[in-house]
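Q: Before we start, here is the structure in question, set down as structure tokens.
Rule-based calculations on the coordinates, nothing more; no lab input. All values derive from a computational prediction rather than experimental measurement. Using ideal geometry, Cβ is built from the backbone for each residue, glycine included, and neighbour counts are taken over all protein chains shown.
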Amino acid sequence: MTAPIRLTLLVAATVGSYAVRRAAPQHSSEAAAVRSARAQQNTAIAARDFDRAASFWTEDVVIRSGLGLIVQGRANYRSAFAADTTTVFRREPDRVDVSGNERWPLAFESGTWTGRAAAGGQPLVRGRYAAQWIKRDGRWLIRAEVFVALGCAGWAAAGRCPFSNPACRRSPSGAPPAPIVLSASSIAPERGVTT
């Protein structure tokens, strides 16, 4: 390798390294802020403080539940949590990516979620999730969440559906039902659909 090529590679590596070091703290602090917001929301959910939990969602939040149901809007999502008196849900992020573009104050979070029995903490259902966060007025808020149920221990052992909703029942042919959009009035009072 010639000296000019080595010098060019050295300069490129130095400039690249400098750029990465300058950008990383901003992204790390923003990713930490998203993780902190998620931890605060988990605490609120566990304490059944649904007003506080809902404060982490945008007004127009959209959720696709673990069984494929759609919940639209902060008020409907909050009602779904309040209606479920037997399950405590928790999200555990394993990755948070923050946009490097200041005009797009967005973050992508992915991880695992669990639903545990409120009494005794027995695991009932689990899966993976992804969330889109947006920073508004200096605060990270969840704009969309998608959950996928991948395991069902407690409910499956009891031989019953995790949610009192016809959407989780299969047709006689075995095909899942078409997705439905939940509103506060369509949530079954004995168990909501939250994840």
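Q: Go through segment 32-133 and name the GluC sites (Glu not before Pro) that are in a DSSP coil and have 15 or fewer other Cβ atoms within 10 Å of their Cβ.
A: Here the sparse-neighbourhood loop sites are GLU102.
Q: Enumerate by residue number the trypsin sites (Lys or Arg not before Pro) in segment 89-139 meeting two conditions: DSSP loop (anything except H, G, I, E, B), and at most 11 other Cβ atoms within 10 Å of the site's Cβ. Show your work: numbers first, answer last.
A: Values: sites: ARG90, ARG91, ARG95, ARG103, ARG116, ARG126, ARG128, LYS135, ARG136, ARG139; in loops: ARG103.
When the trypsin sites (Lys or Arg not before Pro) of segment 89-139 are filtered for loop state and at most 11 Cβ neighbours within 10 Å, ARG103 remain.
Q: State the extension gain, in nm to one decimal, for the chain segment bounded by ALA117 and SER55, taking 0.36 nm per residue of separation less the distance between their alpha-carbons. The partial results should precede the final answer.
A: Details: separation 62, 0.36 × 62 = 22.32 nm, distance 2.39 nm.
Once the chain is fully extended between ALA117 and SER55, it gains 19.9 nm.
Q: With N set to the number of residues, divide the alpha-carbon radius of gyration of segment 60-114 by 2.2 N^0.38 Å and report two decimals.
A: 1.38
Q: How far is it, in nm, from the label point at ILE134 to the one at THR43 when both lie 7 Å from their Cα along the line to the Cβ?
A: The answer from the label model is 2.7 nm.
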